[in-house]
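Shown next, in structure tokens, is the structure this report addresses.
Each value in this text was obtained by applying a stated rule to the coordinates, not by laboratory testing. Just so it is clear, the structure is predicted and the values come from calculations on it, not from any experiment. So basically every Cβ, Gly included, is an ideal-geometry build from the backbone, and we count neighbours across all protein chains shown.
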Amino acid sequence: MTDLFKLSDKIIREGVANEPVNRVNFELSEIANGIAMVEAFSHSIVFATDDGLVTFDTSAEFGGQPVVKAIRGWNKDRFHSLVYTHGHVDHVGGSGAFVQSERDAKRPDPAVIGHENISARFDRYNMTNGYNLVVNKRQFGRAGMSNVAGMNPAGLTGGPTFLPKTAARPDITFKEEMSLSVGGLEIKLKHAKGETDDHAWAWIPEHKAICAGDFFIWNFPNAGNPQKVQRFPVEWAAAMRDMASMNAEMLLPAHGLPIRGSEQIKAVLEDSATALEGLVRDTLEMMNAGATKNDIVHAVSVSQELLDKPYLRPLYDEPEFVVNNIWRLYGGWYDGNPANLKPARESELASEIAQLSGGSIVLAERAEELAAAGDFRLACHLIELAVQSDFNSKQIHGIRAKIYKQRRKIESSLMAKGIFGYAARESSSKSE
Ligand SMILES: [Zn+2]
């Protein structure tokens, strides 16, 4: 059994994550007396009480069974309550396995507890099922989560439904706060918006422990995700400050390693809050001065010192995407370029430009040159124009595939890698 606290101490102290921090090994670690963490996608964090087990998050659909098995090897008491930190499928998807294990043992179903917006999220997932499956293909396609700090997407893309049919809806919900008392263990749940509008974190006074859900994921906060609904960086940062004020001795996130020690916990939470607050402050300052979205995206960033922290690396999401999300949150979708308000068909614009420049292939070859010089932002604009003006050219698709393959390699975030990798595959299949 890895000593997870020791590992996180070392990584934070040395400032280098030269070992995976997000591990999906279904290994259970007893991190304190009566508290276990099963590392999965997402983790389950389990508290043993006199009335049975209280479990925070149930992992994804594919993880439910192995996580339950790992917990059963540690404690065979009933699952008294499942608490969802939020309604993302990697947190609620495994709930069916927990419920089934109680039914197999002829015991009552566990109570399922979560924020009141989770049910509406489930409805939305069903309304947008096709879209979410497409997004998963792009986000986790070949640039699997396994490439990012050991995460593994297996099962996320496999099923016909994005939200597993067996995912249990919460039967006990709350709006702002809720106190739970189970078998002598007191738990305080606090709602805060952040990655989602249905998020909660928990304070367990007996252990001075925080279950942080996805507020802290050992990566740059997932506050920008280009293919998902709105995130809330201001409230997110406030929740981190709130947690930092608790003098917690244990920080138990749903992804990544647990962290111990009040000083260390305070520092990592405050660093994360500072990064988000800076992005919001600088983006709003430019918005208020009348800048366009494009100007802001090219001007606002996070200090390298913060991005280098082993728990803030932009390997999943990245600051630039957060800036876009802040714009959408406070400004709407109009980006300040009047041509984009009611745009032409992209293929018509592309044909016009191709004609002016001497043909689609001229655009494609220039794109190739720019890519070779390392200017992938510009190269991708030109190659999109080239392919949109001549969609059936195998030669242009070949160049496009090559450019996006290279770009995928140099990007750091899984989200960028996913989209560029998808574009490369799209064109690879059309270039033969
Ligand atoms: Zn998560």
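Calculate, for R13 and E426, the FRET efficiency according to 1/(1 + (r/R0)^6) with r their C-beta to C-beta distance and R0 60 Å; round to the nearest 0.05.
Given R0 = 60 Å and the Cβ-Cβ separation, E is 0.85.
Put a dot 7 Å past each Cα toward the Cβ at N392 and N129; how far apart are the dots in nm?
3.6
Run the quick spin-label model on N288 and R241: label points 7 Å from Cα toward the beta carbon, then report their separation in nm to one decimal.
A separation of 1.6 nm, rounded to one decimal place.
What's the ranking of 362-373, 192-203 by average number of surrounding C-beta atoms within 10 Å, highest first?
Going from most to least packed, we get 192-203, 362-373.
Specify the angular offset, from 0 to 90 degrees and rounded to the nearest 10, of the alpha carbon long axis of helix 118-127 from the longest principal axis of the alpha carbons in the chain.
40
Calculate the spin-label point distance for D51 paired with E206, positioning each point 7 Å from the Cα along the beta-carbon direction, and give it in nanometres.
Distance between the two pseudo-spin positions: 1.2 nm.
Express in nm, to one decimal, how much length is gained between T161 and A344 on full extension, taking 0.36 nm for each residue of separation and deducting their alpha carbon distance.
Length gained between T161 and A344: 62.4 nm.
Once the piece of chain linking L307 and S179 is laid out straight, how much longer is it, given 0.36 nm per residue of separation minus the C-alpha distance between them?
Full extension of this stretch gives 42.5 nm more.
Under the Karplus relation 6.51 cos²θ - 1.76 cosθ + 1.60, θ = phi - 60°, what is the ordered set of whole-Hz ³J(HN,Hα) values for segment 262-272, x standing for Gly and Pro?
Those phi angles translate into 4, 5, 5, 4, 4, 5, 5, 5, 6, 4, 5 Hz.
By how many nm would the segment from I172 to I410 grow when fully extended, if each residue of separation counts as 0.36 nm and the alpha-carbon distance is taken off?
Values: separation 238, 0.36 × 238 = 85.68 nm, distance 4.54 nm.
Result for the pair: 81.1 nm of gain on full extension.
Nearest 0.05, what FRET efficiency do E249 and D271 give at R0 = 22 Å with Cβ-Cβ as r?
0.75
Measuring from the lowest to the highest alpha carbon on each principal axis, how far does segment 4-272 reach, largest first, in angstroms?
45, 43, 34
If you put +1 on each Lys and Arg Cβ and -1 on each Asp and Glu Cβ, how big is the dipole of the chain around its Cα centre, in Debye rounded to 20?
With only Lys, Arg, Asp and Glu charged at Cβ, the dipole is about 1100 debye.
Tilt of helix 319-331 relative to the longest C-alpha principal axis of the chain, in degrees (0 to 90, nearest 10)?
The answer is roughly 90 degrees.
Which of C211, C380 has the fewest other C-beta atoms within 10 Å, and how do the rest follow up to the most?
Result, fewest neighbours first: C380, C211.
Give the Kirkwood hydrodynamic radius (Å, one decimal) of segment 1-125, defined as one over the mean of 1/r across all pairs of different Cα atoms. Show your work: numbers first, answer last.
Details: mean 1/r = 0.0662 Å⁻¹.
Kirkwood hydrodynamic radius for segment 1-125: 15.1 Å.
For the chain, find the longest principal axis of its Cα atoms and tell me its angle to the long axis of helix 360-372, 0 to 90°, nearest 10.
50
In the chain, what percentage of the DSSP-assigned beta bridges are antiparallel, given to the nearest 5?
Rounded to the nearest five, the antiparallel share is 65 percent.
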